[in-house]
1. Kindly evaluate Leu264 against the criterion of being buried (at least 17 other Cβ atoms within 10 Å of the Cβ), within 25 Å of Asp125 (Cβ to Cβ) and not assigned by TED's automatic domain parsing to the domain that holds Ser131.
2. Quick one: in region 132-179, of everything that is within 12 Å of the chain's Cα centre (by Cα) and β-branched (Val, Ile, Thr), which residue is farthest from Thr13 (Cα to Cα)?
3. Based on what the data block shows, is Ile313 loosely packed, with under 15 Cβ neighbours inside 10 Å, of a type in the set (Val, Ile, Thr) and in the same structural domain as Leu377 (by TED's automatic domain parsing)?
4. Quick one: Arg234 ticks every box in (1) out of contact with any helix residue (DSSP H, G or I) (no Cβ under 6 Å at 6 or more places or on another chain); (2) modelled with pLDDT of 95 or more; (3) surrounded by fewer than 19 Cβ atoms within 10 Å (Cβ to Cβ); (4) within 23 Å of Thr49 (Cβ to Cβ) except a single one, so which number is it?
5. When you look at Asp76, is it buried (at least 20 other Cβ atoms within 10 Å of the Cβ) and of a type outside the set (A, V, I, L, M, F, W, C), yes or no?
6. Would you call Asn293 touching a strand residue (DSSP E or B) at 6+ places or on another chain (Cβ under 7 Å), surrounded by fewer than 20 Cβ atoms within 10 Å (Cβ to Cβ) and either at pLDDT 95 or above or of a type in the set (S, T, N, Q) (or both)?
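The values are calculated or read from the model by the stated rules, or taken from the named source; none is laboratory data. In this text, all values refer to a predicted model and were calculated from it rather than measured experimentally. So basically every Cβ, Gly included, is an ideal-geometry build from the backbone, and we count neighbours across all protein chains shown.
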Amino acid sequence: MKDAIYFDHAATTPVNLLVSQIMTEVLTQNFGNPSSIHQFGRRAHKLLTDARSTVAESFQVKNSEIIFTSGGTEGDNAAIIGVALRNQAKGKHLITTAIEHPAVLLTMKYLEKQFGFEVNYLPVDKKGNLSVEVFKQALREDTILVSVMFVNNETGNLLPIQEIGEILRDHQAVFHTDAVQAVGLLQINPRELGVDLLSASAHKFNGPKGVGFLYKKAGLSFMPFFYGGKQEGRFRAGTENLAGIVGLQKMIEILNQDEKKQCLKTYQAFCNLLLKRLDEAKVKYYLNGDFNNKLPNILNLHLENVASNLALIKLDLKGFAISIGSACASGDVNDSHVLTAMYGKEHPALKESLRISFGEGNTKKQVERLADELIVLSRTNKEE
């Protein structure tokens, strides 16, 4: 593992050293239950309150609008099911896109099958972009929920969140966005964007696994997902994962606006370097996604005539960790639903694409080494 190079940060990220240190401190010295009234509980409650304040301030929202969760999947499920079931008397029409994370898509399928909701899965173009006009045409008077991801986890494409939020400002539909891939790199203000619900997960931006948060706009009608205690404003029963929440808080503090800008600049340089090396070697590749409308930390490449499953194995043997799709579909032999939505079921990109995602710890030298291996893969295939 010492010489292994990790380029799969869109799947999960290594925990930042400062985060692991503060989490260890909480686990060993502040183990009280935040709901207890004795001194151990009071200290734990203060840590929880401070963490909530830090997250809320970062997003310029109220403390009471932050609900701590176990991560993005829970946040997506809670938001979609909670809104749909509470508001179904107003309509049973939901809108999402064909390129959402399975945590959204399968939740929508569940609502269709079990409760008779009608869902529009909006198409995207060949660059993976969602048309605002397509969204407008799908929107109806009885639409009660719209769920559109902020950044696609396979291509890095940005979805038109601000435009959709503006359209929905005078509509009854609640607007949810899965911002799991965006929070660690972008400054986000849900109110300015017209977003009512936003899901995030700490392990996507160098925090711990098993913790995240859901922003829920104050006053929003919402059915709790868990029942039991009175934690999280009665919206999420269960003793809070205090060490994880403090770890999330620490990473939010580290990733200030300047740090995020620097990360974007670094990852763009990595993208440019990798593509330049491939161009100089005359490797035949295509970019899956829109280079002018994406975050630079994710690079999804179609290497012509290079089978992605074999490339993944060969790169792994060389010490490189990359992906051929969403981590939540690992072990799944099915083609990427994102690339299928972009190109159709028979396009060669479905069998010849690799996802490279940059993050903390990656270096220019590592990117150059990866480029060299991709060049070898391309040339080896020609020789075979």
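1. The answer is no for Leu264.
2. Out of the qualifying residues, it is Val148.
3. Spelling it out, Ile313 is indeed loosely packed, with under 15 Cβ neighbours inside 10 Å, of a type in the set (Val, Ile, Thr) and in the same structural domain as Leu377 (by TED's automatic domain parsing).
4. Arg234 satisfies all of (1) out of contact with any helix residue (DSSP H, G or I) (no Cβ under 6 Å at 6 or more places or on another chain); (2) modelled with pLDDT of 95 or more; (3) surrounded by fewer than 19 Cβ atoms within 10 Å (Cβ to Cβ); (4) within 23 Å of Thr49 (Cβ to Cβ) except (2).
5. Yes.
6. yes
Yes/no matrix, rows are residues, columns are (1) closer than 30 Å to Ala243 by Cα; (2) in contact with an Asp or Glu (Cβ under 8 Å, 6 or more places away or on another chain):
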{"position": "Tyr110", "(1), (2)": "no, no"}
{"position": "Asp125", "(1), (2)": "no, no"}
{"position": "Ser131", "(1), (2)": "no, yes"}
{"position": "Asn157", "(1), (2)": "no, yes"}
{"position": "Glu163", "(1), (2)": "no, no"}
{"position": "Val183", "(1), (2)": "yes, no"}
{"position": "Glu192", "(1), (2)": "no, no"}
{"position": "Asn206", "(1), (2)": "yes, yes"}
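To keep it simple, each residue is scored yes or no on (1) within 14 Å of Phe68 (Cβ to Cβ); (2) within 21 Å of the chain's Cα centre (by Cα); (3) not in a loop (DSSP other than H, G, I, E, B).
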position: Gln181; (1), (2), (3): no, yes, no
position: Gly184; (1), (2), (3): no, yes, no
position: Gly210; (1), (2), (3): yes, yes, no
position: Gly229; (1), (2), (3): yes, no, no
position: Gly238; (1), (2), (3): yes, no, no
position: Glu259; (1), (2), (3): no, yes, yes
position: Gly289; (1), (2), (3): no, yes, no
position: Asn292; (1), (2), (3): no, yes, no
position: Pro296; (1), (2), (3): no, yes, no
